[in-house]
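The values are calculated or read from the model by the stated rules, or taken from the named source; none is laboratory data. What you see is a predicted model; the values in this text were computed from it and never measured. A quick note on method: Cβ atoms are made from the backbone with ideal geometry, for glycine too, and the neighbour counts reach across all protein chains shown. Surface areas here come from the heavy atoms of the whole protein model, side chains and all, with no ligands, DNA or RNA. Shrake-Rupley method; radii C 1.70, N 1.55, O 1.52, S 1.80 Å.
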Amino acid sequence: MRRTVSKYGLLSREDSILFLRTKLPYAGILFDLFIEMESKFPVKISSIDLDFKSRDEIVDLLREASRNLISSREKVVLPLILDDAVSLLLRSIFTGSPDFLIISGRLYFLLNELSNFVAPFIEISVEELSVLCGGSGYEVRDPYMRMVEELEEESPGIRFNILRFMERADFLRAMGLGNRK
């Protein structure tokens, strides 16, 4: 997580941070990891609790957060993980609508970067969180989340390959995101 924050320049010492907490089983673990990481820095961290209980509601979470917090001067930390970032990409491919994407730890809405929304957990998989939570599994109904699980079962490591692919300059240009990196 530290590497992700540093690699993509997601946060700085001057940032005031708003952490979005959900009711997902691993939400407490993500919050604790984040607080531990930031404890060495003089940053102000606040949090709000959102009533999201299922990974299937990620798009709803992003819609609500972007609508209500777009003008926030704080950096808004999204509790999204590797599986979420990949499922959002698959969703945009299969629906033809790139409404939300997580690229290089940043949230894009309709291909426009929402610069104050960051996702420092995008290199943490659901399996890693499951181990940290005592091995509890997560029932997934969302077809794109299921697709991510099936792809990973068939080709271990594919989620990370997709994540790296999303950072490639040719992919970014094809998505209309210009010459980043």
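Residues of the range 113-130 being assigned to a loop (DSSP other than H, G, I, E, B), open to solvent by less than 20 Å² (accessible area, probe 1.4 Å) and of a type in the set (A, V, I, L, M, F, W, C), which ones? Steps first, answer last, please.
Of the residues in the range 113-130, the ones assigned to a loop (DSSP other than H, G, I, E, B) are 119-125.
Going one step further and asking which of them are open to solvent by less than 20 Å² (accessible area, probe 1.4 Å), we end up with 119-122, 125.
The answer is Ala119, Phe121, Ile122.
Quick one: is Ser66 under 15 Å from the mean Cα position of the chain (by Cα), over 19 Å from Val148 (Cα atoms) and among the polar types (S, T, N, Q)? Don't jump to the end; show me each part of the working.
Working: under 15 Å from the mean Cα position of the chain (by Cα): yes; over 19 Å from Val148 (Cα atoms): yes; among the polar types (S, T, N, Q): yes.
So Ser66 passes the test.
Scan the range 148-158 and tell me whether some residue there is at pLDDT below 75 and surrounded by 10 or more Cβ atoms within 10 Å (Cβ to Cβ). Lay out the reasoning, then the answer.
Going through the range 148-158, the residues at pLDDT below 75 turn out to be none.
Scanning the range 148-158, I find no residue that is at pLDDT below 75 and surrounded by 10 or more Cβ atoms within 10 Å (Cβ to Cβ), so the answer is no.
Looking at the range 53-76, is at least one residue in contact with a helix residue (DSSP H, G or I) (Cβ under 9 Å, 6 or more places away or on another chain), over 17 Å from Glu113 (Cα atoms), at pLDDT 85 or above and of a type outside the set (Val, Ile, Thr)?
Initial filter on the range 53-76 (in contact with a helix residue (DSSP H, G or I) (Cβ under 9 Å, 6 or more places away or on another chain)): 55-56, 58-59, 62, 76.
The next check asks that each one be over 17 Å from Glu113 (Cα atoms); those that pass are 55-56, 58.
Restricting the remaining residues to those that are at pLDDT 85 or above gives none.
Looking through the range 53-76, none of the residues is in contact with a helix residue (DSSP H, G or I) (Cβ under 9 Å, 6 or more places away or on another chain), over 17 Å from Glu113 (Cα atoms), at pLDDT 85 or above and of a type outside the set (Val, Ile, Thr).
Yes or no: the range 99-109 includes at least one residue that is open to solvent by 10 Å² or more (accessible area, probe 1.4 Å) and modelled with pLDDT under 90. Steps first, please.
Step one: of the range 99-109, the residues open to solvent by 10 Å² or more (accessible area, probe 1.4 Å) are 99, 106, 109.
Add one more test, that the residue is modelled with pLDDT under 90, and what stays is 99, 109.
Scanning the range 99-109 turns up at least one residue that is open to solvent by 10 Å² or more (accessible area, probe 1.4 Å) and modelled with pLDDT under 90.
Give the residues of the range 3-13 that are out of contact with any Pro (no Cβ under 7 Å at 6 or more places or on another chain), in contact (Cβ under 8 Å) with a residue 24 or more places away in the chain and either polar (S, T, N, Q) or loosely packed, with under 11 Cβ neighbours inside 10 Å (or both), sorted by residue number.
Matches in the range 3-13: Arg3 only.
Taking the range 47-67, which residues are crowded, with 18+ Cβ neighbours inside 10 Å and among the β-branched types (Val, Ile, Thr)?
If the condition is that a residue be crowded, with 18+ Cβ neighbours inside 10 Å and among the β-branched types (Val, Ile, Thr), then Ile58 is the only one that fits.
Among (1) at pLDDT below 90; (2) within 22 Å of Leu101 (Cβ to Cβ); (3) loosely packed, with under 15 Cβ neighbours inside 10 Å, which single condition is Leu172 missing?
Answer for Leu172: the failing condition is (3).
Somewhere in the range 21-34, is a residue among the aliphatic types (A, V, I, L, M) and over 26 Å from Gly134 (Cβ atoms)? I'd like the intermediate steps shown before the answer.
Residues of the range 21-34 that are among the aliphatic types (A, V, I, L, M), as a first pass: 24, 27, 29-30, 33.
Okay, now just the ones that are also over 26 Å from Gly134 (Cβ atoms), so none.
Scanning the range 21-34 turns up no residue that is among the aliphatic types (A, V, I, L, M) and over 26 Å from Gly134 (Cβ atoms).
Of the residues in the range 19-38, how many are hydroxyl-bearing (Ser, Thr, Tyr) and under 16 Å from Lys75 (Cα atoms)? Please lay out each step first, then the result.
Filtering the range 19-38 down to residues hydroxyl-bearing (Ser, Thr, Tyr) leaves 22, 26.
Remaining after also requiring under 16 Å from Lys75 (Cα atoms): none.
Number of matching residues: 0.
Among (1) closer than 23 Å to Ser130 by Cα; (2) touching a Leu at 6+ places or on another chain (Cβ under 8 Å), there is one condition Ile17 misses while meeting the rest; what is its number?
(1)
Got at least one residue in the range 75-94 being in a helix (DSSP H, G or I), over 21 Å from Leu151 (Cβ atoms) and open to solvent by less than 30 Å² (accessible area, probe 1.4 Å)? Talk me through it step by step, then tell me what you get.
First pass over the range 75-94, keeping only residues in a helix (DSSP H, G or I): 82-94.
Right, trim to over 21 Å from Leu151 (Cβ atoms) and you get none.
No, that holds for no residue.
Can you name the residue in the range 15-46 that is in contact (Cβ under 8 Å) with a residue 24 or more places away in the chain and surrounded by fewer than 15 Cβ atoms within 10 Å (Cβ to Cβ) and, of all such residues, is farthest from Leu90 (Cα to Cα)?
Ranking the candidates gives Pro42 first.
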